Structures are given as C-alpha cells and as structure tokens.
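Data first, discussion second: the structure below is written as structure tokens.
The values are calculated or read from the model by the stated rules, or taken from the named source; none is laboratory data. All of these numbers come straight from a predicted model, not from anything done at the bench. Cβ placement follows ideal geometry from the backbone for every residue including glycine, while neighbour counts extend to all protein chains displayed. When the accessible area is computed, the model is the full protein with side chains, heavy atoms only, and any ligands, DNA or RNA have been set aside. Shrake-Rupley method; radii C 1.70, N 1.55, O 1.52, S 1.80 Å.
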Amino acid sequence: MGKFLGHASLLASIVSCGLAFPVINVQWDFFGARLDRPDDGERVFDEAALLRLGDLVARRTALYSWAWRLAVAGGTGFAILVGLATLHLQ
C-alpha cells in the first residue's frame, strides 16, 4: 500500500507542476504583436484583444484549479505515507 500511495502522490505532484507552468508563463503576443519587441504602431485594445484576455483567463483558471487539486492530493498522500511509516516504526 505504501508503494502505491507514494507513487500516486509523486505522480499527482508532477502533473500538478506541469499544469502550473502555463499559468505562470508570460503571454508575449497578447495584443497580436510581441510586447517585448514593440514596433512604432500604437497598441489598440479592441474587442478581439478583450476576447483573447477572457480566453486566457479561463484557460489559466482551469489549469490552476486542477494544479491546486492535484497538489493537495499529492501532499495529502505524502502526509499519509509519513504517518504510516511513523506508525510502522513504533
């Protein structure tokens, strides 16, 4: 049981990290051009940019939600594993 719980907790933690990386990623081409390489034109915040912002927020919210759930599951699994090991040693 300990091996299964340890491997499941490790897998949940790894997947959680993988889901969290896109959340902290900088969206360089948000306005349709690279923000780190501005050209001489003025940036227009139009309806398309607003829709992209909404899509970005929705996608990152979903990823963050799953990353958080898996992190809690992995941490709980590791805590149970430590508790089982402590009880086994006594």
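If you take all other residues with their beta carbon under 14 Å from the beta carbon of Ser9, and give Lys and Arg +1 and Asp and Glu -1, the sum is +2. Of Asp55, Asp46, the residue with the largest accessible area leads and the full order is Asp55, Asp46 (1.4 Å probe).
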